[in-house]
Amino acid sequence: MLNISKNQLNKEVSLKKFSAYKKAFTSKTNKVFNKLLIIFSIIILIAMFLPWTQNVSGRGFVTTLTPDQRPQTIQSPIPGRIEHWHVSEGQFVKKGDTLLHISEIKNEYQDPNLVARTNTQREAKSKSVLSYKEKINALDRQIAALKNEERLKLSQAKNKLEQSRFKVVSDSMDLEAIKNNYIITEGQFNRTKTLQSEGLKSVTDVEEKRVKLQESQAKLISAENKLLTSENNIINARIEINRISAEYADKIAKANSDKYTAETNQYDAEAQVSKLENQSTNYQMRSDLYYIKAPQDGYITKAIKGGIGETFKEGEQIVGIMPANYQLAVETYINPIDLPLLHIDDEVRIQFDGWPSIFFSGWPNTSYGTFAGKVVAIESFISPNGKFRVLIAPLTEEFPWPEKVSIGSGAYTFALLEDVPIWFELWRNLNGFPPNYYQPDQAKNSKDSKK
């Protein structure tokens with residue numbers, strides 16, 4: 001194998017006789033360059049120990065601090081057709097000012113007297129409710145009258161029953177007296193007949209006793225018939241009581257049925273009245289929606305739906321508005337690896353697009369044209385762009401943000417972390433390590449207080 005180290009040109013041939021060697025190794029310029037190189041190396045070595053502020057950068061845009069201060073679009077909750085514009089783009093409007101007037105396009109709402117007609121139907125149904133109430137009251141009075149009449153009829157029938165019972169008692173006593181009289185008369189007839197057979201009484205006396213016996217027998221039969229008639233009257237009186245109870249129970253049941261029917265109709269009419277009242281209110285509120293009004297003070301930015309006679313659907317965007325009063329903020333996005341490094345109230349330096357600035361990420365104190373902010377919100381879920389969203393508010397202790405910065409313009413943010421030597425930052429970047437993970441003093445103090 002060939003040994004290259006032994007085959008060196010400067011060992012075989014002397015280079016001092018060449019002019020290039022003299023210019024490179026013996027000239028004054030070479031000596032000055034060597035000195036400068038040494039000085040520059042010393043400076044770089046010293047600079048390696050200078051402090052460097054670690055930071056987490058992100059790209060975002062200017063927005064507002066609260067959602068109600070951000071630009072918005074105004075929609076119509078109902079479909080319609082544009083009839084007249086009351087504003088123009090760029091015009092300032094106050095809350096409640098009419099922006100445009102629309103008309104109805106649905107057939108069921110195009111009647112101009114829809115609210116009045118609905119109110120008329122409601123009044124008619126309200127009168128029906130009153131009529132049903134009066135009918136129910138009349139049926140209540142009728143039921144009360146039937147119950148009172150039933151009570152009187154039953155009292156009358158019961159009195160008749162008592163009279164029949166007393167009549168039966170009286171007829172029973174008369175029957176017993178007639179029976180006794182018949183027995184006596186029968187004994188007298190038998191004795192007279194016996195005496196007549198012995199010749200002590202005449203045939204005339206026997207005939208007289210026979211007549212009296214027949215009269216007593218006739219009275220006995222009449223008394224028995226009378227008693228049976230009185231007992232039959234008791235049965236008839238009881239039947240009459242049952243008939244009266246059944247008759248008035250049927251009448252009262254029919255009156256109650258009519259009453260329940262009237263109550264059902266009344267409840268149905270009341271439900272229809274409530275439904276018509278709801279419809280009337282909805283129609284009135286819908287008529288108020290024909291005028292699109294400004295939800296807050298602001299400037300009309302863009303008429304999304306222009307012209308006259310153009311139709312749109314419900315919920316469709318019509319016009320854009322920018323609130324007049326707002327507080328600026330910056331919405332920036334950071335990589336997931338940098339998320340544990342940020343905390344609420346951390347200081348952030350911001351560089352706005354279109355605003356002249358000179359920024360040194362490692363020496364923020366020497367930067368020019370950047371503005372201070374603090375972290376006020378950090379989202380805990382990732383955004384569609386694969387990064388985490390961070391909201392930054394102005395830091396009131398330092399120079400205020402420019403007034404001319406408009407919402408939506410770009411912003412470049414640097415979240416300031418701890419200070420490290422420059423050599424450590426170079427070493428970290430060469431190895432691809434993240435910035436040092438640390439907790440701010442506020443977080444440490446809060447943890448100590450909780451413990």
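The values are calculated or read from the model by the stated rules, or taken from the named source; none is laboratory data. Model, not experiment: these values are computed from the prediction. Methodologically, a virtual Cβ is constructed for each residue, glycine included, from the backbone with ideal geometry; neighbour enumeration extends over all protein chains shown. For the accessible areas, the whole protein counts, side chains as well, though only heavy atoms, and no ligand, DNA or RNA atoms are used. Shrake-Rupley method; radii C 1.70, N 1.55, O 1.52, S 1.80 Å.
Would you mind telling me which numbered condition in (1) modelled with pLDDT under 85; (2) surrounded by fewer than 13 Cβ atoms within 10 Å (Cβ to Cβ); (3) more than 16 Å from residue 330 (Cα to Cα) residue 361 fails?
(2)
Quick one: how many residues across the stretch 54-102 are more than 26 Å from the chain's Cα centre (by Cα) and open to solvent by less than 20 Å² (accessible area, probe 1.4 Å)?
Number of matching residues: 13.
If you go through the stretch 388-413, how many residues are in a loop (DSSP other than H, G, I, E, B) and open to solvent by less than 70 Å² (accessible area, probe 1.4 Å)?
Within the stretch 388-413, residues that are in a loop (DSSP other than H, G, I, E, B) and open to solvent by less than 70 Å² (accessible area, probe 1.4 Å) number 8.
For the stretch 111-126, indicate whether the set of residues that are without any contact (Cβ under 8 Å) to a residue 40 or more places away in the chain, within 13 Å of residue 290 (Cα to Cα) and of a type outside the set (Lys, Arg) is non-empty.
Checked the stretch 111-126: at least one residue is without any contact (Cβ under 8 Å) to a residue 40 or more places away in the chain, within 13 Å of residue 290 (Cα to Cα) and of a type outside the set (Lys, Arg).
For the stretch 272-295, which residues satisfy the criterion of being within 12 Å of residue 99 (Cα to Cα) and open to solvent by 70 Å² or more (accessible area, probe 1.4 Å)?
Within the stretch 272-295, 291, 293 qualify.
Residue 147 passes all but one of (1) in contact with a Phe, Trp or Tyr (Cβ under 8 Å, 6 or more places away or on another chain); (2) over 30 Å from residue 256 (Cα atoms); which number fails?
Of the numbered conditions (1) in contact with a Phe, Trp or Tyr (Cβ under 8 Å, 6 or more places away or on another chain); (2) over 30 Å from residue 256 (Cα atoms), the odd one out for residue 147 is (2).
From 119, 181, 148, which residue is surrounded by 15 or more Cβ atoms within 10 Å (Cβ to Cβ) and more than 30 Å from residue 223 (Cα to Cα)?
119
Return yes when residue 157 is small (Gly, Ala, Ser), in a helix (DSSP H, G or I), free of Cβ contacts under 8 Å to residues at least 60 places away in the same chain and under 30 Å from residue 252 (Cα atoms) and no when it is not.
So residue 157 fails the test.
Conditions first: (1) open to solvent by less than 60 Å² (accessible area, probe 1.4 Å); (2) modelled with pLDDT under 90. Residue 127 passes all but one, so which condition is the exception?
For residue 127, the failing item is (1).
What is the residue count in the stretch 241-256 for residues that are farther than 23 Å from residue 157 by Cα and open to solvent by 60 Å² or more (accessible area, probe 1.4 Å)?
The number of residues fulfilling the criteria is 1.
Considering 171, 140, which residue is open to solvent by less than 70 Å² (accessible area, probe 1.4 Å) and more than 22 Å from residue 253 (Cβ to Cβ)?
Criteria check complete, one pass: 171.
Among the residues of the stretch 296-328, count how many are in a strand (DSSP E or B) and surrounded by 14 or more Cβ atoms within 10 Å (Cβ to Cβ).
Number satisfying all stated conditions: 15.
Only residues that are aliphatic (A, V, I, L, M) and either open to solvent by less than 90 Å² (accessible area, probe 1.4 Å) or under 60 Å from the mean Cα position of the chain (by Cα) (or both): list them for the stretch 197-234, please.
203, 206, 211, 213, 218, 220, 221, 223, 227, 234
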